[in-house]
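Chemist: Below is the structure I would like to discuss, written out as structure tokens.
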Amino acid sequence: MTSKEYRSITQIAGPLVFVEKTEPVGYNELAVVTLPDGSERMGQVLDSSDDIVVIQMFEGTSGIPRTAGARFLGETMKMPVSKDMLGRILSGSGKPLDGGPAIVPEDRLEIGGAAINPWARDNPSEFIQTGISTIDGMNTLVRGQKLPIFSASGLPHNEIALQIARQAKVLGGSEDFAVVFAAMGITNEEAQYFMRDFERTGALKRAVVFLNLADDPAIERIITPKLALTTAEYLAFTLDMHVLVILTDLTNYCEALRQIGAAREEVPGRRGYPGYMYTDLAGIYERAGRIKEKKGSITQIPILSMPGEDITHPIPDLTGYITEGQIVAKRELLRAGIYPPIDVGSSLSRLMNEGIGKGRTREDHKAVSDQCYAAYAEGRDLRGLVAIVGKEALSDRDRNFLEFADEFEKRIVQQGRDEDRTIEGTLDLMWELLGSLDERQLTRIDRKYIEIYHPKYRKKD
Amino acid sequence: MGKEGVIYRVAGPVVTAVGISPRMYDVILVGKEQLMGEVIKIVGDKTVIQVYEDTSGVRPGEKVVDTGQPLVAELGPGLLGSVYDGIQRPLPVLMEKMGDFIERGVTAPGLDHNLKWPFTPVVKQGDKVTEGQIIGTVPERAITHKVMVPPGINGTVDMIKAGEFTVDEIVAVIDGKEVRMMQKWAVRRGRPFAKKTAPDEPLITGQRVCDTLFPLTKGGTAAIPGGFGTGKTVTQQQLAKWSDAEIVVYIGCGERGNEMTEVLTSFPELKDPRSGKPLMNRTVLIANTSNMPVAAREASVYTGMTIAEYFRDMGLNVSLMADSTSRWAEAMREISSRLEEMPGEEGYPAYLSARLSEFYERAGSVVALSGTPGSISVVGAVSPPGGDLSEPVTQNTLRIVRVFWALDTKLRERRHFPAINWLTSYSLYSGQLDGWYKKNVAEDFPEMRNWAIGLLQKEAELQEIVQLVGSDALPDEQKLTLEITRMIREIFLQQNAYHPVDTYSPMSRQYTYLKLINRFASHAAKAVENEVSVEAIANMDLRNRLAKSKFEDNIEDILKDIADTMDKEFEALGGK
């Protein structure tokens, strides 16, 4: 479609370009701004009226003069998708970075992504074994879930995400599996780390990688996750694949959102982030799940670094309200030399109950996990007390719980970077630790499970 | 100025049009695709419209059509068991029309207009009837659906007939006006009733901490605030499943898609503990998930409330769950900021408090126009950012509601569910319900409850000392108090929503537990006086059996056995 070029730019501010006296332009349509040197920049219409059209530029406005021309493409942004995207590395705006050929599209899809009709959704209930005990045993991940990692600078969230990507499997399943990886504003070094691991393990040929690096335009970050999820939806719901989407780092995405909000002179919400950030983030996270009568699924593991390790910061806070739980990494654990430093107390998987139990993991799973939670929490509370009164002042019961908490961290939380534990192994390990407690303290476990799985009764046979 | 105009400006869900002169809150069809929207502001010749659907690609210059009427809900047989979006479009019909994803520009009526329902008149030709009066019945799922005279119509019945009709067909003529089974009602206006009455009966939920400690009435209002992960949704769903209302309206307002799926898959399978029929038969679900259009989210609570009022008018007890009112408030904030209104606290519009109170005031126990009593109880979840209860939505809600179930992150972390904090929660209804409890549960029920609350309060004080000096430094009597409150917490307050037996605890059983723990406490106090160690009491097999009894299928037998053997087992402990 050839379209008219306007030379009526009246104002340029931050990432926004204002064009006057155009013919009717649709909201959210794509626009191309041509610089005097002939180079082109893409943008999207944010506000369209009879008098003025506001374009948000994806790649920034630096170098754009008032004399630049603006064209409108008459359509909203679409993503070319194809099966051949597996194994490709693309930029944050979807252009090939690996020197390979352009993608020959099998379809072109709207990147905005319509909401899945809640009626069409299928209940996610298939257990994914990640091989990490704190996740499998205590905060179980299921297919179609969105489970973010809440981390902070300096914590090994990337390693955890990679370990999950490497080890994730469904018991007894060998279906088509793919990884979509979207990096937003991460450093070149981090990107290298991911790429090396993908290459080392051969995961790259099952992956589509989108890279928006720290020095790429911040505005581009706004569309990177949408491109990644559009690709994921194509792989999952057209090509019947099980897709794991890793998004890192959502904090950078939200910063970009704030930047645009400020440029548009919007009324800011908490900490300067736009008031619609909840809806915006929901537009990303909700693109996970299963659909009835479709084979594929989208499971999301977004990573975000909590500024100042503050879980009440708007980014983790709003995320937690949308996602189905969270895996929280804590510096205290890392300092104590524990990898992965996952704090099970503040972690949660809301879909856990759907994915565990008889026929999925093991019948005693829920009870054992609840008991470990309660005992670990009690033991940790006692640590504060010990610091004041010393171990001697504790009753035997309390000392037992204190030891339980220490052992729990050393044996269940702690595991190797390549250690892939089975769910049976994890549960047996949990029983082993619970065996050290007085049996009467196991109030959350049905008697029948104690008789089957408790180490004391097991040794008899 | 006519029925049709053109778009002047499009900015996200807010569209400005010229050439029409509608009334505020009238529905406007926007653009080529006829997207539904609502007038939210009129400035000179410009009309500002909030559109319920995505506006990508909509251009200035496209046509707008003024429908001349506000957003209405269709009310009549066929509501029960339905699943709607925020503007009462049935989701299964949308799926049929446009596939697994919600595309736009598709309309679907709230009720099935082709289905025939058997109508039996209860008045006859020549009778004088007034608005709201019941003129006939239709059997529908869990209830007998009552067909009422639409508000505004009074006079003599000129014609009425029995038979099978669709909701569109005329079943009666009153005072020269045609009456159908279906009524349409503007969702933003409360439906009329004769008078409000004081609620005096509890809404029994089967959740021990709610029913016993902080009861809600039929016709009462409650708020459940709590940070993420504290169990707002699970609590709401438990109330939706087990509360003894005849009708449940559940509004998933800006929440997770997968959560709605869970409701959608579990409700048809679960049985109502009273009628034994699937829960879905008495339920209307409204699902406007977080990524569905924000304007429809704003409208969803009104749609739900209007449906609830319709059932109330038939003389039924309705409970309405809104999960979450914070998302509703955020939708208001988002639209307000697009209108460039002057913001109030934290960017919320200055009318936030007024809207919240208007909404909660539509709850209550009433005498309907038909003369029968009915009620709407409202339970609103609140999602305070960062779990900070001083934020505007929580604060404005607390000024209105009379029951406060405070969810607590600390309790959640130790997997104490429901994580309702017994020290900060309150119910302003407990006093006025004492009479009911005395009459229907047990004479000493209020006494038992106050005993438990008092002891828990004492525990909090003792815990502070324990934090400083350790529990061994306490005298035996206080150690025993901690042991008893541990029992209250672990046995009585904790309740496993996922356990088939424990998920619902009838009132009589709640009382039995409380009474048994109380008896245990007085025996134990005597034993301690006789120099039996607190540890020995805590390790009693009896205590252990009591703790585990709530998960057993033959729970009643076990409780009876415990009651019978308690005296003996304490004797066996000996002492001086």
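Chemist: Calculate for chain A the 222 nm mean residue ellipticity that helices alone would give, adding -39,500 (n - 2.57) per DSSP H run of length 4 or more and normalising by residue count, nearest 500 deg cm²/dmol.
Modeler: On the way: 13 runs with 141 residues, N = 461.
It lands at -9000 deg cm²/dmol.
Chemist: Right, next: Count, for each residue of B:377-387, the Cβ atoms from other chains sitting within 10 Å of its Cβ, then give me the mean as a whole number.
Modeler: 3
Chemist: Stretched out fully, how many nm does the piece from B:Asn554 to B:Asp175 gain, at 0.36 nm a residue minus the Cα gap?
Modeler: On the way: separation 379, 0.36 × 379 = 136.44 nm, distance 6.04 nm.
Residue separation times 0.36 nm, minus the Cα-Cα distance, leaves 130.4 nm.
Chemist: Where the centre of each part is set by its Cα atoms, how far does region A:264-305 sit from region B:487-514, in angstrom?
Modeler: Answer, in whole Å: 37.
Chemist: Cross-link candidates for A:Lys448: which lysines have Cα within less than 23 Å, leaving aside residues fewer than 8 places away along the same chain?
Modeler: The qualifying lysines are A:Lys358, A:Lys366, A:Lys456, A:Lys459, A:Lys460, B:Lys548, B:Lys550, B:Lys560.
Chemist: Within chain B, what percent of beta bridges assigned by DSSP are antiparallel, to the nearest 5?
Modeler: 70 percent
Chemist: Hey, another quick one. Enumerate the calculated ³J(HN,Hα) couplings along region A:406-423 in order (Karplus 6.51 cos²θ - 1.76 cosθ + 1.60, θ = phi - 60°), each rounded to whole Hz, writing x wherever the residue is Gly or Pro.
Modeler: 4, 4, 4, 5, 6, 10, 9, 5, 5, 7, x, 5, 10, 7, 10, 8, 6, 5
Chemist: What are the lysines whose alpha-carbon lies under 19 Å from the alpha-carbon of B:Lys41, with same-chain residues fewer than 8 places away excluded?
Modeler: By straight Cα distance, B:Lys41 reaches B:Lys3, B:Lys63.
Chemist: Which residue, A:Phe194, A:Ala336, A:Ala182, has the largest displacement toward the positive end of the dipole of the protein assembly as shown when charges sit on each Cβ (Lys, Arg +1; Asp, Glu -1)?
Modeler: Among A:Phe194, A:Ala336, A:Ala182, the one farthest towards the positive end of the dipole of the protein assembly as shown is A:Ala182.
Chemist: If I take R0 = 51 Å and measure r between the Cβ atoms of A:Phe177 and B:Asp388 in this structure, what FRET efficiency does the formula 1/(1 + (r/R0)^6) give, to the nearest 0.05?
Modeler: Computed FRET efficiency for A:Phe177 and B:Asp388: 0.80.
Chemist: Where does region B:112-181 land on the Kirkwood hydrodynamic radius, alpha-carbon pairs, in angstrom?
Modeler: Values: mean 1/r = 0.0835 Å⁻¹.
Over region B:112-181, the inverse of the mean reciprocal pair distance is 12.0 Å.
Chemist: Normalise the Debye intensity by I(0) for chain B, one equal point scatterer per Cα, no solvent, then take log10 at q = 0.10, 0.11 Å⁻¹ and round to two decimals.
Modeler: -0.90, -1.04
Chemist: Can you tell me, using C-alpha contacts under 8 Å and at least 6 residues apart, the relative contact order of region B:112-181 as a whole percent?
Modeler: 34 percent
Chemist: With a bin width of 20 angstrom, please list the P(r) values of the protein assembly as shown as percents of all Cα-Cα pairs, from the 0 bin to the one holding the largest distance.
Modeler: Computed distribution, short to long bins: 12, 41, 34, 12, 1, 0.
Chemist: Taking the alpha-carbon set of region B:4-70, what are its Rg and Dmax in Å?
Modeler: Rg then Dmax for region B:4-70, in Å: 9.9, 27.
Chemist: Could you tell me the center-to-center distance, by alpha carbons, between region A:312-350 and region B:326-400 in angstrom?
Modeler: 31 Å
Chemist: State the antiparallel share, in %, of DSSP beta bridges confined to the protein assembly as shown, rounding to the nearest 5.
Modeler: 65 percent
Chemist: For an R0 of 51 angstrom, estimate the FRET efficiency from the Cβ-Cβ distance between A:Arg417 and B:Leu428 and round to the nearest 0.05.
Modeler: Calculated transfer efficiency: 0.40.
Chemist: Please go through region B:432-467 and write out the GluC sites (Glu not before Pro) that DSSP classes as loop and that have at most 14 other C-beta atoms within 10 Å. It would help to have the intermediate numbers written out before the result.
Modeler: Values: sites: B:Glu443, B:Glu447, B:Glu459, B:Glu461, B:Glu464; in loops: B:Glu443.
Filter output for region B:432-467: B:Glu443.
Chemist: Which helices pass in chain B if a helix is a full DSSP H run, must span at least 27 angstrom along its long axis by Cα, and must have mean Kyte-Doolittle hydropathy not below 0.5?
Modeler: none
Chemist: Debye calculation, C-alpha points only, no solvent: report log10 I(q)/I(0) for region B:196-251 at q = 0.18, 0.27, 0.30 Å⁻¹, in the same order as the q values.
Modeler: Log-scaled intensity ratios, in q order: -0.64, -1.29, -1.43.
Chemist: Over region B:441-573, what lengths in whole Å, largest first, do the semi-axes of the equivalent ellipsoid take, defined as the square roots of 5 times the eigenvalues of the alpha-carbon gyration tensor?
Modeler: Three semi-axes, in Å: 25, 18, 14.
Chemist: Hey, another quick one. B:Ile465 to A:Glu403: FRET efficiency via 1/(1 + (r/R0)^6), r the Cβ-Cβ distance, R0 25 Å, to the nearest 0.05?
Modeler: That pair, B:Ile465 with A:Glu403, gives E of 0.55.
Chemist: At most 14 other Cβ atoms within 10 Å and a DSSP loop assignment: could you name the trypsin sites (Lys or Arg not before Pro) in region B:56-145 that fit?
Modeler: Here the sparse-neighbourhood loop sites are B:Lys116, B:Lys124.
Chemist: List the lysines whose Cα lies under 27 Å from the Cα of B:Lys146, skipping any in the same chain that are fewer than 8 positions away.
Modeler: List returned: B:Lys116, B:Lys124, B:Lys128, B:Lys161, B:Lys177, B:Lys184, B:Lys195, B:Lys196, B:Lys218, B:Lys241, B:Lys271, B:Lys277.
Chemist: Taking the Cα centre of region A:321-393 as origin and charging only Cβ (+1 Lys, Arg; -1 Asp, Glu), how large is the dipole, in debye to the nearest 20?
Modeler: Its charge dipole is roughly 200 debye.
Chemist: Sticking with this one: Roughly how many whole Å is it from the C-alpha centroid of region A:218-241 to that of region A:377-450?
Modeler: 42 Å
Chemist: Next up: Given a cut-off of under 8 Å on Cα pairs at least six residues apart, what relative contact order in percent is computed for chain B?
Modeler: 13 percent
Chemist: If you average the sequence gap of Cα pairs under 8 Å that are 6 or more apart and divide by the length of chain A, what percent do you get for the contact order?
Modeler: 16 percent
Chemist: Looking at region A:354-389, which trypsin sites (Lys or Arg not before Pro) are DSSP coil and have at most 11 other C-beta atoms within 10 Å of their C-beta?
Modeler: Working: sites: A:Lys358, A:Arg360, A:Arg362, A:Lys366, A:Arg380, A:Arg383; in loops: A:Lys358, A:Arg360, A:Arg362.
Those that pass, being in a loop and sparsely packed, are A:Lys358.
Chemist: Can you give the Kirkwood hydrodynamic radius of chain A from its Cα pairs, in Å with one decimal? Mind showing how you got there, number by number?
Modeler: Details: mean 1/r = 0.0416 Å⁻¹.
Result for chain A, one decimal place: 24.1 Å.
Chemist: Give the average, rounded to an integer, of partner chain Cβ atoms located within 10 angstrom of each Cβ in A:274-286.
Modeler: Shielding by partners across A:274-286 averages 6.
Chemist: What is the magnitude of the charge dipole of region B:4-70 about its Cα centre, with +1 placed on the Cβ of each Lys and Arg, -1 on the Cβ of each Asp and Glu, and no other charges, expressed in debye to the nearest 20?
Modeler: My answer is approximately 200 debye.
Every number here is computed from the coordinates shown, using simple stated rules; none is lab data. Keep in mind that this is a model prediction, so the values were computed, not measured. Here Cβ is always computed from backbone atoms with ideal geometry, including for glycine, and neighbour counts include all displayed protein chains.
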